[in-house]
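This report concerns only the one structure given below.
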Amino acid sequence: MTRIDDTPPAWDERTQLTTFLDYARGTARAKCEGVSPEDARRALLPGSPLMTLCGVINHLRWVEYYWFRVVFLGEEDHGPWTEEDPDREMRVAVDFPLPQLLDEYAEQSARHRELVAATGLDRKAVRTVRDGRHVDLRWILLHLTEETARHNGHLDILRELLDGTTGD
């Protein structure tokens, strides 16, 4: 599995935060290398029918969209979810080839990298979170790193169940 290094090229806070998020993103991509189109759509956990490689990657893509575009920038939410189907991004993912989902995730991450590079870490989000507070960009980076890393654990399990592949 190919992955970027988690050691930042510099020790300032922004570089450390963005390096770890990129590392988590790269790990998610690496977990999907060499998977057949059929296996990428297979749900292997009886209690989690939406948990597929396609579903997790699409979820990660849309989670980033939501936190950067909707919460931080205050844009209108055009995500695939609805009140009736809050996990729709995972459900519809099986309708798309995994390489397409990975490309869309990578393209969006590149746009978010530019946003982060041009914005102060203390800048507050336009929209509030559940408790009514406005989080800052730093918090969003930490949250997305945690979210991506947690789902990398799901990708680990799925990949091992699919074909026995394990790795960091």
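The values are calculated or read from the model by the stated rules, or taken from the named source; none is laboratory data. Quantities reported herein were computed from a predicted structural model and do not represent experimental measurements. Please note: Cβ atoms are built from the backbone with ideal geometry, for glycine as well, and neighbour counts cover all protein chains shown. Just so you know, the surface numbers come from the protein's heavy atoms only, side chains and all, with ligands and any DNA or RNA stripped out. Shrake-Rupley method; radii C 1.70, N 1.55, O 1.52, S 1.80 Å.
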Q: Quick one: angle between helix 98-117 and the longest Cα principal axis of the chain, in degrees between 0 and 90, rounded to 10, please.
A: 10
Q: Provide the three semi-axes, in whole Å and in decreasing order, of the ellipsoid equivalent to the range 74-168 as defined by the square roots of 5 times the Cα gyration tensor eigenvalues.
A: 28, 18, 15
Q | Tail beyond 12 Å, pair distance distribution of the range 27-69 (Cα, percent) | A | 63
Q: Using Cα centres only, tell me the gap between the range 1-75 and the range 115-165 in whole Å.
A: 9
**Q.** ³J(HN,Hα) computed for each position of the range 143-158 - Karplus, 6.51 cos²θ - 1.76 cosθ + 1.60, integer Hz, glycine/proline x
**A.** 4, 5, 5, 4, 4, 5, 5, 4, 6, 4, x, 5, 4, 4, 5, 4
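May I ask you to derive the FRET efficiency for Thr15 and Asp85 from their Cβ-Cβ distance with R0 = 45 Å, giving the value to the nearest 0.05?
Efficiency for this residue pair is about 0.70.
Counting only heavy atoms of protein chains, what accessible area per residue, in Å², does the chain have with a probe of 1.4 Å? Walk me through the intermediate numbers first.
Numbers: 8880 Å² over 168 residues.
Result: 53 Å² of accessible area for each residue.
Peptides 9-20, 96-107, 51-62: what's the order by average Cβ count within 10 Å, highest mean first? List each step's numbers first, then the result.
Values: 9-20: 13.4, 96-107: 15.8, 51-62: 24.6.
Averaged packing, sorted descending, gives the order 51-62, 96-107, 9-20.
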Q: Give the relative contact order (percent, whole number) for the range 1-151; include only Cα pairs under 8 Å separated by 6+ residues.
A: 26
**Q.** Listed peptides 144-151, 63-70, 131-138 by packing density, highest first (mean Cβ within 10 Å)
**A.** 63-70, 144-151, 131-138
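Can you tell me the relative contact order of the range 74-168? Whole percent, Cα pairs under 8 Å, sequence separation 6 or more. Kindly include the intermediate steps, with their values, before the conclusion.
Details: 39 pairs, mean separation 13.8, N = 95.
For the range 74-168, the relative contact order is 15 percent.
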Q. Extent of the range 1-90 along each principal axis, from alpha carbon coordinates, in Å, largest to smallest?
A. 43, 36, 20
